Structures are given as C-alpha cells and as structure tokens.
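Asker: Next up is a structure, given as structure tokens.
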Amino acid sequence: TDDFNYASYHTLNEINSFIDQLVQENPGFVSKIVIGQSYEGRPLNILKFSTGANRPGLWIDTGIHSREWVTQASGIWFSKKIVTDYGRDAELTDILNKYDIFLEIVTNPDGFQFTHTSNRMWRKTRKPNPGSSCVGVDPNRNWDAGFGGPGASSTPCSETYRGPRAHSEPEVKAIVDFVKSHGNIKAFVSIHSYSQMLLYPYGYTKTPCKDQAELHELARKAITELSSLYNTQYRYGSIITTIYQASGGTVDWTYDQGIKYSYTFELRDTGRYGFVLPANQIIPTAQETWLALMTIMKHAKNNPY
Amino acid sequence: KETFEGHQVLRITALNEAQLDLLKELHDKEQLGLDFWMEPSDVSLPIDVRVPFHSLQDIRAFLMYHEIYYDIMIQDLQDVLDEEQREMLRAKSLQSRS
C-alpha cells in the first residue's frame, strides 16, 4: 500500500483491494471484519486495528452518504496513517495499546458503486421503495433516535427519506448490531462532507445532551488542532443549533446508546466545489482531519467512563 | 451514466425568515428536480442547490421576483465531473506506468 495513490479518487473495487492489501501487509495488527451485507449483497467491510484482546473500541466511518467522495478517500488515508504511525507516534501508539480502532471506509457500498457507474450525485442507499419509483433511503435519517421526527422526510423521492422504519437499511442495521454486540465502543465518529463543521448530539431535539459542556469543549480543541495545519476554519456545536434539525441521525443513536464521544464531521469545503472537491485536496483534508480525530481519541483514552 | 450538462449549483442567501420559507417551499416542488446540497435551514447559513438545466430559467425568475440573492457556485456541473474523471484516469495511467 506504499504505492497506492492517496491523492486520487478510487472505485469500490480498488478500495476493497486496498483494504485486503493493507490487511495482508500488517498481519496481527490489521484485520478485516465483514459486519453484514448491503442491500445489493456487497460485503460491509470494517478494518480493525488491534494490538491485544478485549480492548474497548473507537469507531470511525466514512462514506455513509455515497457522493461525499472526499470522506471515503480520507478514510483510506486514515487507515494508512494508523499503520504507519503505530510504533512511531507515541500518542497513537498509546491509544492503540489500550483501544482497538474500527474503521468503515465505504459505509454505503451500493450507493458508492452507483456514483461511479450511474449517477455521481447519488446520496442514499439503493434499496427500492415499494409503491414508489424512487430508490433508496437516507442512511443518516434511518437510525432509531427521534426516528420519523422533523428534519427527515417521509417521502421516498426525497434525498432525506427516513425509510419505512428505523434500521430498515442493512447498511445501518449492520452497524447497530456491531455496536450492540461489541458493547464497549467509547467514541464514535461519523464523517461527512461538506461545510467544515464538527457536530455533536443532538440533531433531533433542542434539549442539550447531558455531556454538552464536555463535548463542546472537546470540539473546540479538536477544530483548533485541525486548523493549525492549513488554517481551515470549522464551526462547531450541536447538530440542531449549528446546522439544522435532523432526526434519525447516526450519532444521536450512538450517543443514546451510551457512547459519550459521538461526533459528526462535515469535511471541506464551504462551498466552492461542495461534493466534487478536487482530488488535490484529499490529502490536506485527511491530514487536518486526522489531527482532530487524534484529539478526540486521546481525550476518550484519558477520560475513561 | 447520468450526465449533468447545464446543471448549475447556486449558492442562495436568504436575508430573512420570509425568504427562507419561500426557499423551503421550493424544496417541496419535486417537478423542478432540485437537489439541495445545503438545505434551507437558517438565515445564517447559505443554501446550495443543484438546478437541472430545464429548471434554471424558472428558478432564476423565482429568485429575482422575490429579490433573493444568489451566486453561481458551479457554472456547469458536468464540466467539473469530466475534470474529476480525467484526473482519475491521469492518476491511474501514472500508477500503471510507475
């Protein structure tokens, strides 16, 4: 994977080959876990970075909205960064000596494949909706956290269609089952683009979450670190106060499951290119985001709960 | 493969709640084929919307009639996507040569 082009966008097949190669190169440290199958039967692959048994976990996912290509590309870069820095970077080594990191690079593989073959602007899953010609569900409105409330659509043709019921999408259900069966995930970061924001629960209610003060301060530290590299400016705060009301969101569910450090990133940019961020911004985006991720992971490690 | 020739991405700025409400109504008009990249939510936030070629005239007229300010964020989305594909091909070709 040293020769892999991290500064370019890749197809699903290329990413899956990369994942297999990374596992092959790092036996005993990196493994691939298939947590389920997408609607179209594709494996839902996660990478597990682990240096010992029975560790608590830190979760990162990218690409749940398939058209947000810079997120999957950043996920690839994060995976290489983890294997490169373990044993070299004292802070990451310390984290990995106590925690496992789980990384799902292509969280919505059917949608991602569709963006390459048919419609670059596809966002949702690819499951048909009975009684409608419109396909797919917004997988970030499909979680059982305020499901069906304001900030999600009940119309299958909408880009924010919540789905017929919570966890109806196999891509969502697989994560739900994994998180529940693991039972000891301590931080959960779901990565989107674009608009340069770092957000924490809640999106479905204006009631502040009980850890708001700590999450707010940690978000401030994380974006300060992020901006130290290229001066990229982020906004931060709860989802509902910073961006908009959104029900059925990923990190609202993970927070309600007891995962205190639940965050959503919205990566670059703020509106020059939007979802079609040029490939020459992949590495800078991943580099700066990594600094914020490290801040969150370090904090989770130093503040066990 | 769906093409986006002539599709523009507009960045719209709502100056008040009334304009924001008008843009939310636009959101529900399925026949226009709008794709909101940034949804209308608050006057402090921009609204980015991909407008198919067939709806451009209607949307521009609507915005002008209601004196809602907008900028063109992406002039022709297909041009940007074509460049994205060229870049991927360039990268692959360099990779295979090396």
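Asker: In region B:27-98, which chymotrypsin sites (Phe, Trp or Tyr not before Pro) are in a loop and have at most 14 other Cβ atoms within 10 Å, using DSSP for the loop call?
Answerer: Answer by residue number: there is no such site.
Asker: Pop the C-beta distance of B:Asp76 and A:Ser181 into the FRET formula with R0 = 41 Å and round what comes out to the nearest 0.05.
Answerer: After rounding to 0.05, the efficiency reads 0.30.
Asker: Which parts of region B:33-72 would a label at B:Thr3 reach, counting a residue when its backbone N lies under 15 Å from a point 7 Å out along Cα-to-Cβ?
Answerer: B:53-54
Asker: Would you mind telling me which residue in A:Ile35, A:Ile101, A:Ile64 has the biggest mean-square fluctuation in a Gaussian network model of chain A, where springs connect alpha carbons within a distance under 10 angstrom?
Answerer: Checking each option, the largest mean-square fluctuation is seen for A:Ile35.
Asker: Output needed: Cys residues of the protein assembly as shown lacking any neighbouring Cys C-beta below 4.7 Å, sorted by number.
Answerer: Cys with no partner Cβ under 4.7 Å: A:Cys209.
Asker: Taking every alpha carbon pair in region A:146-304, what does the distance histogram look like in 10 angstrom bins from 0, in percent?
Answerer: Using 10 Å bins, I get a P(r) of 10, 37, 37, 15, 0 for region A:146-304.
Asker: Still on this structure: I need the calculated FRET efficiency for the pair A:Thr11 and B:Met64, taking r as the beta carbon distance and R₀ as 35 Å, to the nearest 0.05.
Answerer: 0.25
Asker: Name the residues of region A:206-227 whose amide N is less than 20 Å from a point 7 angstrom out from the Cα of B:Asp42 along the C-beta direction?
Answerer: The answer is A:206-224.
Asker: Sticking with this structure for a sec: If we count other beta carbons within 10 Å of each Cβ, what is the order of A:Ser132, A:Ser74, fewest first?
Answerer: Exposure proxy ranking, most exposed first: A:Ser132, A:Ser74.
Asker: Okay, next question. In the neighborhood of A:Pro304, defined by Cβ-to-Cβ distances under 11 Å, what is the net charge if each Lys or Arg adds +1 and each Asp or Glu adds -1?
Answerer: Net of charged neighbours comes to +4.
Asker: Can you list the equivalent-ellipsoid semi-axes of region A:189-280, largest first and in whole Å, using the square root of 5 times each Cα gyration tensor eigenvalue?
Answerer: In descending order, the three semi-axes are 23, 15, 11 Å.
Asker: What is the spin-label model distance, in nm, from B:Glu87 to A:Gln287 if the labels are put 7 Å beyond Cα along the C-beta direction?
Answerer: A separation of 1.6 nm, rounded to one decimal place.
Asker: Suppose R0 equals 25 Å; then what is the FRET efficiency for A:Gln212 and A:Gln233 from their Cβ-Cβ distance, rounded to the nearest 0.05?
Answerer: Calculated transfer efficiency: 0.70.
Asker: Just to be sure I understand: with springs between alpha-carbon atoms less than 10 Å apart, which residue in B:Arg86, B:Arg50, B:Arg60 has the highest mean-square fluctuation in the Gaussian network model of chain B?
Answerer: B:Arg86
Asker: What number, in percent, do you get for the relative contact order of region A:62-152 if the mean sequence gap of Cα pairs under 8 Å and at least 6 apart is divided by its residue count?
Answerer: Relative contact order comes out at 30 percent.
Asker: In region B:1-49, which trypsin sites (Lys or Arg not before Pro) are in a loop and have at most 13 other Cβ atoms within 10 Å, using DSSP for the loop call?
Answerer: Passing both the DSSP loop test and the Cβ count: B:Lys1, B:Lys29.
Asker: Moving on to the next point. Is the protein assembly as shown best put as rounded, prolate or oblate by its Cα gyration tensor, with a ≥ b ≥ c the root eigenvalues, rounded for a/c under 1.5, and otherwise prolate when a/b is larger than b/c, oblate when not?
Answerer: It is prolate, given that a/c is not under 1.5 and a/b is the larger ratio.
Asker: For region A:193-240, run through the trypsin sites (Lys or Arg not before Pro) and keep only the ones in DSSP coil with at most 16 other Cβ atoms within 10 Å of their Cβ.
Answerer: Loop-located and lightly packed - A:Lys206, A:Lys210.
Asker: How high is the relative contact order of chain A, in percent, counting Cα pairs under 8 Å that sit 6 or more residues apart?
Answerer: With pairs under 8 Å counted, the relative contact order is 21 percent.
Each reported figure results from applying straightforward, stated rules to the coordinates on display, with no laboratory input. Predicted, not measured: the structure shown is a model, and the values here were computed from it. Cβ atoms come from the backbone with ideal geometry, glycine included; neighbour counts cover every protein chain shown.
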